[in-house]
Amino acid sequence: MITNMKISRVEAKRMKDGEIKGLGINIALDEVSVSGGEATIKYTYTADYQEGVGELTIQGELTAKEDHKLLKEIEDRWKKEKKLPDLFAEAVLNNVNYACGANGTLVVRAVNLSPPMIPPRIEVAKK
């Protein structure tokens, strides 16, 4: 269960005037650590306003309290593959997406960019 989420860095910039032809959203999980019954995930959220119009970058971290078995799986999978277990990854990505989309709406307004629309719920594809 995600218990805490904080944003540590926000940057919005408009590089040129013109019509926004599309919006690309990327969520990168930069670092995962497990300690004391919690997993801490550092992330970078990027909204790319296509055709070089602008960019929004938000960095932060979230903390999740999980049972020992899941924490072990999170730690092992991250060390081995730089991935998270599917259901846990969905929870993390959806929380980051929602928080950054909502907060990003306020930030991009200052540089006259449209809000980063919050896409539908993210689901990790099964292989």
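The values are calculated or read from the model by the stated rules, or taken from the named source; none is laboratory data. The shown structure was predicted, so the numbers you read here are calculated from the model rather than taken from an experiment. Here the Cβ is made from the backbone with ideal geometry for all residues, glycine too, and neighbour counts use every protein chain on show.
Observations on the model:
- Exclusive hit being within 24 Å of residue 126 (Cα to Cα) and at pLDDT 95 or above, set 31, 38: 31
- Residue 103 falls short of the stated requirement of being under 20 Å from residue 123 (Cα atoms), polar (S, T, N, Q) and out of contact with any Ser or Thr (no Cβ under 9 Å at 6 or more places or on another chain).
- Hits in the range 68-127 - residues which are part of a loop (DSSP other than H, G, I, E, B) and of a type in the set (S, T, N, Q): 112, 114
- Selection status of residue 44, within 19 Å of the chain's Cα centre (by Cα) and either surrounded by fewer than 16 Cβ atoms within 10 Å (Cβ to Cβ) or not in a strand (DSSP E or B) (or both): no
- For the range 93-126, the set of residues classified as free of Cβ contacts under 8 Å to residues at least 60 places away in the same chain, surrounded by fewer than 11 Cβ atoms within 10 Å (Cβ to Cβ) and aliphatic (A, V, I, L, M) consists of 125 only.
- Screening the range 3-21 for residues that are more than 30 Å from residue 38 (Cβ to Cβ) and among the aliphatic types (A, V, I, L, M) and picking the one that is surrounded by the most Cβ atoms within 10 Å (Cβ to Cβ) gives 12.
- Yes/no for residue 48 being of a type in the set (Asp, Glu) and farther than 30 Å from residue 18 by Cβ: no
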